[in-house]
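Novice: Below you'll find the structure I mean.
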Amino acid sequence: MRSLGFAPHIDEARKYLAEGKASTGELDFPQFLEILHRHRRAENAERDMMEALKLYDPQGRGTVPVSELRRVLCNQGERLSAREFEGLLREAGVAQSGSVNYRQVVKTLLTPLPDY
């Protein structure tokens, strides 16, 4: 699902897998499509991330201090390690200090990794 641009939480993925494996022990393609369709209706990761990061942008400029972004992404929810956070900044083309355009960070986070 992640390679298709979705970001299910680990508990959601386990639930979906358990649902599909109920009868055969395997998840077939039609079951996968049904799960994907349900998850798509429930998830809007870009909107959710943008709304969350706007909370740290009281002036509404579209930016957040890198230090605040680090605190949020490394200490809340599905935490990033310091190494993962630094990689995210590199990938998004952002300096280690100052402010960051969080739209670019969200775009980078939601871009599927190449599977080659």
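The values are calculated or read from the model by the stated rules, or taken from the named source; none is laboratory data. Note that the structure is a prediction, hence the values are computed from the model and not measured. Positions of Cβ are backbone-derived with ideal geometry, glycine not excepted, and every protein chain shown enters the neighbour counts.
Novice: Please determine whether any residue of the stretch 85-97 is over 22 Å from Ile10 (Cβ atoms), in contact with a Gly (Cβ under 8 Å, 6 or more places away or on another chain), without any contact (Cβ under 8 Å) to a residue 60 or more places away in the chain and surrounded by 13 or more Cβ atoms within 10 Å (Cβ to Cβ).
Specialist: No, the stretch 85-97 contains no residue that is over 22 Å from Ile10 (Cβ atoms), in contact with a Gly (Cβ under 8 Å, 6 or more places away or on another chain), without any contact (Cβ under 8 Å) to a residue 60 or more places away in the chain and surrounded by 13 or more Cβ atoms within 10 Å (Cβ to Cβ).
Novice: Further question: Please indicate, with yes or no, whether at least one residue in the stretch 5-21 is hydroxyl-bearing (Ser, Thr, Tyr), modelled with pLDDT of 90 or more, surrounded by 10 or more Cβ atoms within 10 Å (Cβ to Cβ) and out of contact with any strand residue (DSSP E or B) (no Cβ under 8 Å at 6 or more places or on another chain).
Specialist: no
Novice: Further, regarding this structure: Does the stretch 61-99 hold any residues that are in contact with a Leu (Cβ under 9 Å, 6 or more places away or on another chain) and β-branched (Val, Ile, Thr), and which are they?
Specialist: Listed by number, the residues that qualify are Val64, Val66, Val72, Val94.
Novice: So, one more: Which ones in the stretch 73-89 are part of a helix (DSSP H, G or I) and among the acidic types (Asp, Glu)?
Specialist: Result: Glu84, Glu86.
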